[in-house]
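A quick write-up on the structure given underneath.
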Amino acid sequence: MVRPKVAFFGMTSCKGCYFQLLLVNEKLPYLLDRMDVVDFWMLNEAPKKADKYDIAFIDGAVSNHENAELVREVREKAKFVIAFGTCACLGGIPALRNPDEKQHNAYHKMVYGKEIAIKSYPHADPVHKHIHVDCHMYGCPINEHEIIEVVRDVILGKKPVEPDYPVCVDCKKAGISCLFKEGVPCLGPVSIAGCDAPCPASKTACDGCRGPLPDANWSEEAKLLKEHGIDRKKIDMMFSKYTGEKVK
Ligand code: SF4
Ligand code: SF4
């Protein structure tokens, strides 16, 4: 792909992933030399000006009608769609409201009063629930090295590889001593890797911001957490933090 036309769109999220894009720092010229950015949601007042995109990045969860329309339109125009950030990939923090619609409505009224100013769905969805997504870049926020790798692969016509192993593998690769050995409970064994384990590297437990590993051993992890004094209610909250879905 020679100088692809690239667009960036945003929906319901904190925009941390957007800022992470700007943090690629010295690699930013590398990216900009190889692509034409035709739409960048945070900078454009009137987005969606191009008719076609080679690559479209979508950030944020689908949380309202406008979001749902946007992703459909982007899908029609783009050859390759990348969901970037855990909100786009899994619902993320906006999906915290998913399990309880009544609670969601109560919070809405508490914040906005009787007149609900913001019309949103009672649930926040990952983008792939609405359209076909070609690649997921997990993380809350995304990992800046991964951005470079994914963009490079797409330009070269390769499908980016999505990690299918746990954060513990990243720990082992980096020579990080396991926090469990120090009595610190960690979600690394059940979480999607690819971040290079920055949290365990700084002695902080992984809280699974890249989402749950599909074939994770949840019962073993729950047993471990329980042994470290965490009750079942808290464990369920930890497991569902970035998806809004209870692990069965
Ligand atoms: S610190 Fe966490 S992520 Fe690292 S090896 Fe231990 S359990 Fe796995
Ligand atoms: S170590 Fe865990 S919480 Fe930290 S960035 Fe990686 S997946 Fe996210």
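The values are calculated or read from the model by the stated rules, or taken from the named source; none is laboratory data. Keep in mind the model is a prediction, meaning the values are calculated, not measured. For neighbour counting, all protein chains shown are included, and Cβ atoms are generated from backbone atoms with ideal geometry for every residue, glycine included. Side chains included, ligands, DNA and RNA excluded: accessible areas come from the protein's heavy atoms. Shrake-Rupley method; radii C 1.70, N 1.55, O 1.52, S 1.80 Å.
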Model label zone, Tyr107; criterion: amide N under 13 Å from point 7 Å along Cα-to-beta-carbon; scope region 62-96: 92-96
For Met237 and Glu149, extending 7 Å from Cα along the Cα-Cβ vector and measuring point to point gives, in nm, a value of 3.3
So which DSSP H runs in the chain come out at 15 Å plus along the axis (Cα) with average Kyte-Doolittle of at least 0.0? 144-155
Could you tell me the accessible area of Thr12 in Å² (1.4 Å probe, neighbours in place), rounded to the nearest ten? 40
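So what is the orientation-averaged projected area of region 2-101, using the convex hull of its C-alpha atoms, in nm²?
Details: hull surface 26.9 nm².
Answer in nm², one decimal: 6.7.
For Cα pairs less than 8 Å apart in space and 6+ apart in sequence, what is the mean separation divided by the residue count of the chain, i.e. the relative contact order in percent?
So the answer I get is 19 percent.
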Going 7 Å from the Cα of Arg34 in the Cα-to-Cβ direction, what parts of region 128-155 have a backbone nitrogen less than 14 Å from that spot? 145-155
Pop out the carbon and sulfur fraction of the accessible area of region 5-155 as a percent, whole number, probe 1.4 Å. 55
The alpha-carbon pair-distance distribution computed for region 167-240, with 5 angstrom bins and whole-percent values, is 3, 18, 31, 26, 17, 5, 0
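Once you have a ≥ b ≥ c as the square roots of the Cα gyration tensor eigenvalues for region 122-216, tell me rounded if a/c is under 1.5, and otherwise prolate or oblate according to whether a/b is larger than b/c. Mind dumping the intermediate values first?
Values: a/c = 2.44, a/b = 1.50, b/c = 1.63.
Taking the square roots of the gyration eigenvalues as a ≥ b ≥ c, region 122-216 is oblate.
Can you list, largest first and rounded to whole Å, the semi-axes you get for the chain by taking the square root of 5 times each eigenvalue of its Cα gyration tensor?
Values: eigenvalues 190, 130, 39 Å².
Equivalent ellipsoid semi-axes, largest first: 31, 25, 14 Å.
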Can you tell me the FRET efficiency between Ile230 and Glu76 if r is taken as the Cβ-Cβ distance and R0 is 51 Å, rounded to the nearest 0.05? 0.65
Relative contact order, percent, region 167-240 [alpha-carbon distance under 8 Å, six or more residues apart]: 30
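Dividing the Cα convex hull volume of region 48-115 by residue count, how many Å³ per residue is that?
Working: hull volume 7.1 nm³, N = 68.
Spelled out: Cα convex hull of region 48-115, divided by residues, is 104 Å³.
With the full set of protein chains in place, find how many percent of the accessible area of region 167-240 is carbon and sulfur; take the probe as 1.4 Å. The partial results should precede the final answer.
Values: 2290 of 3840 Å².
Summing carbon and sulfur atoms, their accessible area is 60 percent of the total for region 167-240.
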Could you state the accessible area per residue of the chain in Å², with a 1.4 Å probe and every protein chain left in place? 53
